[in-house]
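The values are calculated or read from the model by the stated rules, or taken from the named source; none is laboratory data. Computed from a predicted structure; not experimentally measured. Here the Cβ positions follow ideal geometry from the backbone for every residue, glycine too, while neighbour counts run over all protein chains shown.
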Amino acid sequence: MAMNFKVFNDVEHVAEYTADIIRKQFNNNPTTIAGIHLTKDAAPVLDELKKDVDHNAVDFSQVNILDYDDNRSYYEALGVPASQIYPINFDDDAESLIDDKIKTKENKGKLILQVTSIDESGSLNVNVRQGLLKAREVVLVVTGANKREVVKKLYEENGKSSFEPADLKTHRMVTVVLDRAAAEGLPEDVKEYFTARFA
């Protein structure tokens, strides 16, 4: 039940770090099922992922993507077979979709990684119960000064409030990747602790 914050100097470093997590996951587990929803943030994660994959080839033949952002052509260009890219909406039940269409003996029907963004009102646009909490690992990308109030609430709320993102605190593995501007929402000592290690 840990929410890890990682603070980087700018959006480029946030994007590089997040892209590296995604590529390593695909590389280490070639049957990964991953949900990706990044339209609510400016960090160029997918651009960095493409660069990363160009330098470090990945076998995408058994990877399955839950595509929240209608990026089919991007994933096809990476090498994910078209039949393994699934458009999904906020209200869709990721678990049911996986059971119905994706589950194989190799991937065991488990949502391994969910990468998501958040808007300045605190909306994740991914179903928390059916999408985020079911994933083995969640990466939340948050950049920009306009998100610092959301970061403050995320840090302070205990998960028993109406602020939905705080429900992520019940998950066992959540990494919140921030730039300095968004991290202004964290208490100074917390921000310094997580910045000193990663910036």
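Things to note:
- Of the set (1) of a type in the set (S, T, N, Q); (2) farther than 18 Å from Val11 by Cβ; (3) touching a residue at least 40 places away in the same chain (Cβ under 8 Å), all apply to Thr143 but (2).
- Count of segment 50-67 residues which are closer than 26 Å to Thr104 by Cα and either part of a helix (DSSP H, G or I) or under 18 Å from the mean Cα position of the chain (by Cα) (or both): 6
- Helices (runs of 4 or more DSSP H) lying entirely in segment 124-199 (those with 1 or more residues that are in contact with a Cys (Cβ under 7 Å, 6 or more places away or on another chain) and not charged (D, E, K, R)): none
- Residue within segment 129-140 that is over 20 Å from Phe8 (Cα atoms), surrounded by fewer than 19 Cβ atoms within 10 Å (Cβ to Cβ) and touching a Gly at 6+ places or on another chain (Cβ under 7 Å) present: no
- Residue check, Tyr86 in contact with a helix residue (DSSP H, G or I) (Cβ under 9 Å, 6 or more places away or on another chain), of a type in the set (Ser, Thr, Tyr) and either surrounded by fewer than 18 Cβ atoms within 10 Å (Cβ to Cβ) or farther than 18 Å from Val11 by Cα (or both): yes
- Note on segment 1-15: residues that are in a helix (DSSP H, G or I) and surrounded by fewer than 19 Cβ atoms within 10 Å (Cβ to Cβ) total 1.
- Members of segment 75-117 that are in a loop (DSSP other than H, G, I, E, B), among the hydrophobic types (A, V, I, L, M, F, W, C) and over 28 Å from Asp54 (Cα atoms): Phe90
- For segment 154-172, the count of residues that are touching an Asp or Glu at 6+ places or on another chain (Cβ under 7 Å) and in contact (Cβ under 8 Å) with a residue 60 or more places away in the chain is zero.
- Figure legend. Inter-residue proximity from segment 99-122: first residues under 21 Å from Gly144 (Cα atoms), second residues polar (S, T, N, Q), beta-carbon distance below 6 Å, spacing 6+ or different chains. Indicated pairs: Glu120/Asn146.
A quick yes/no check of all residues on (1) in contact with a strand residue (DSSP E or B) (Cβ under 7 Å, 6 or more places away or on another chain); (2) at pLDDT below 95; (3) under 17 Å from Ile22 (Cα atoms); (4) among the charged types (D, E, K, R):
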| residue | (1), (2), (3), (4) |
| --- | --- |
| Asp119 | no, yes, no, yes |
| Leu124 | yes, yes, no, no |
| Leu132 | yes, yes, yes, no |
| Asp167 | no, yes, no, yes |
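- Residue pairs meeting the criteria (Cβ under 9 Å; at least 6 apart or on separate chains; first of a type in the set (Lys, Arg), in segment 25-49; second surrounded by fewer than 24 Cβ atoms within 10 Å (Cβ to Cβ) and assigned to a loop (DSSP other than H, G, I, E, B)): Lys40/Asp119; Lys40/Glu120; Lys40/Ser123; Lys40/Leu124; Lys40/Asn125
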